[in-house]
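The values are calculated or read from the model by the stated rules, or taken from the named source; none is laboratory data. None of these values were measured; they are calculated from a predicted model. Here the Cβ positions follow ideal geometry from the backbone for every residue, glycine too, while neighbour counts run over all protein chains shown. Only protein heavy atoms, including side chains, enter the accessible area calculation; ligands, DNA and RNA are left aside. Shrake-Rupley method; radii C 1.70, N 1.55, O 1.52, S 1.80 Å.
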Amino acid sequence: MNGEVASLVNKEVFSVWFLIGAALVFWMQAGFAMVEAGFTRAKNSGNIIMKNLMDFCIGTVVFILIGFGLLLGEDVCGFIGKPGFDIFTAYQSFDWSNFVFNLVFCATTATIVSGAMAERTRFLSYCIYSAVISALIYPVEAHWIWGGGWLSQLGFHDFAGSCAIHMVGGISALIGAWLLGPRIGKFVTDDKGRITKVNAFPGHNLPLGALGVFILWLGWYGFNGAAATTSAQLGSIFVTTTIAPAIATVVCMIFTWVKYGKPDVSMCLNASLAGLVGITAGCDVLDAFGAIVVGCVSGVLVVFGIWVLDNILRIDDPVGAVAVHCLNGMWGTIAVGFLATNAVPEYGIADTAGNELTGLLYGGGWKLLGLQCLGVLAVGVWTAVTITIVFLVIRATVGLRVSEEEEITGLDATEHGLPSAYAGFSIMDIANTMTMEVNDNTHLGVEDYEHADRFRRDAAVPVQQPLPEAAMNNVVIIAKLSRYEYLKKAMNDIGVTGMTVTQVMGCGVQKGAGERYRGVEMDLTLLPKVKVEVVVGEIPVSRVIEAAKRALYTGHIGDGKIFVYPVEHVVKIRTGEHDLEALLDVE
């Protein structure tokens, strides 16, 4: 009797955990939205939020109508489930938990595509292909794997979706980004149309992107662990789901540090997700060593994938969705064939074909590895063919891409009538939609001000003084943001006690700085600068100029500029309550 009670309690506990896991997977939609918004430009943030909201809502509608039946309906020839409307006709006995659980997974597949096609896709077109993915493409291949279809009958193993979800979303993203074309300014071409350079488009809010990664990591414990049936199995899944992304991130940090000179922030965020994708298929049959191997490969594979897309395939993927989901979805699925072990809790419980889930490296032979490769190939072909047809039909009818003017303006305004997702903030696009020719001679050869001759000092920080000095002068100094503290101290040291400071954007190029974003060297054409205004009377203007030049000088053209204007008049403006002094500058 006690054993029966314990079994019943255990069953009820894990039934509740199953739904909690589904809720965690739903919460991952917020993570995807934050990652995509943070890794792209501010002028498209509202559009991205709308897409991530609607792919779940539209997916729910079509999943009710047809998707759920195709996925878990009565098997038809091992290919599809039989569509039905039990949710309407037999609600009392309907499998509510399975419906919700599979719905949130379905929505994840659709939202992966959004990131790779961000910033230039028509919203209507997104809604259409998102609906088709949720209604047809995902349910059919997921039936092969989880609904009793032919792959599950053979013994193919994908516990939580490296293949069924992430690889499918990644392949769809790859084909979509290829057909859509790159964002304006991503690739520089010569007169013959050959690509000569890759430009970086820095994400406008990496803290937001990082928040999204942490949300996704948290949700992944539900993503991988929701289907666990015992506490021991759940604990093992949590361990592998923690180890793989952690190892991948560390490996990526070291790899980018060595390759690019500094650890790349956005690449490491991508690597965390890559490790999670990689471990998803085998989280229940891999041990700690297997998770480490998966993480090591994922950490390098994500960097390699982003580089290949930029420099070989010339495909623009703003958030790294293809490298994270497509490549690591394939790798994670195939890794089961190498690394599955019987030294895990509830070994073999998920194998409906009665086969041993033991990988090649643990003496299991080639059978499982062959099945995993077969599954990757079959699902990949199904996805590639169907999504290509969908994209081509959309492009030929309603159109897939926005106009050049709409893209430059931003999709928030043109697609949704939203002036900005950041009301009250002044947003400026500093990406490479506008580039300048690089001046190869910006370095002046001497970085120390004391050792630089007068020519170098004047070239680095030119002074514009159109009129002779007056009794009072307004000195305007344009400087790099990084030199502001030096400038402020220099002014204070010579007796200047008041300054007006404005943050502005400056346009120019300094080659050789070596900044990189996602492995691509950046030519930042619009840089944050400060404009400092100082009104001086008793202090000689020449002394202010010399102190400013000394503070700003780094040995490069463009270190700063100084303008001097005589203050001709100081007038008082009567406002009713206060007298305001206004300085009238006359050139």
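Just a few scattered comments:
- Here the convex hull built on the C-alpha positions of region 20-60 has a volume of 51 cubic angstrom per residue.
- Under the shape rule built on the C-alpha gyration tensor, where the axes satisfy a ≥ b ≥ c, region 91-177 is oblate, since a/c reaches at least 1.5 while a/b does not exceed b/c.
- Only one residue of Ile64, Phe304, Leu418 has its Cα farthest out toward the positive end of the dipole of the chain, where Lys and Arg carry +1 and Asp and Glu -1 on Cβ, and that residue is Phe304.
- Candidate lysines for bridging to Lys51, where Cα separation is under 26 Å - those fewer than 8 sequence places away on the same chain excluded: Lys43, Lys186
- Summarised as an ellipsoid, region 251-323 has semi-axes of 23, 15, 9 Å, derived from the eigenvalues of the Cα gyration tensor scaled by 5 and square-rooted, with the largest first.
- Carbon and sulfur %, accessible surface of region 242-373 computed with the full protein complex present, 1.4 Å: 71
- Over the C-alpha atoms of region 147-225, the Rg to Rh ratio, Rh being the Kirkwood estimate, stands at 1.15.
- Think of region 242-341 as a dipole: +1 on every Lys or Arg Cβ, -1 on every Asp or Glu Cβ, centred on the Cα centre; then among Gly295, Trp257, Ile315, Trp257 lies furthest on the positive end.
- Positive-end residue, region 129-246 charge dipole about Cα centroid, Cβ charges, pick of Ala173, Ser236, Gly147: Ala173
- Size of electric dipole in the chain: Cβ of Lys, Arg +1 and of Asp, Glu -1, about Cα centre, debye, nearest 20: 620
- Cα-based shape type of region 72-111, given that a ≥ b ≥ c are square roots of the gyration tensor eigenvalues and the cut on a/c is 1.5: oblate
- Beta bridges assigned by DSSP with both partners in the chain are antiparallel in approximately 95 percent of cases.
- Counting only residues at least eight positions apart within a chain, or on another chain, the lysines with an alpha carbon under 21 Å from that of Lys489 are Lys480, Lys529, Lys531, Lys549, Lys561.
- For region 1-127, convex hull volume per residue from C-alpha positions, Å³: 142
- Using alpha-carbon coordinates, inclination of helix 206-225 to the longest axis of the chain, degrees: 10
- D by Stokes-Einstein for region 354-407, Kirkwood Rh over Cα pairs, 10 °C, 1.306 mPa s: 109 µm²/s.
- Axis angle, to the nearest 10 degrees, between helix 541-552 and the longest C-alpha principal axis of the chain: 20 degrees.
- Reported label for calculated percent of Cα pairs over 42 Å apart given [x] 25; [y] 35; [z] 46: [y]
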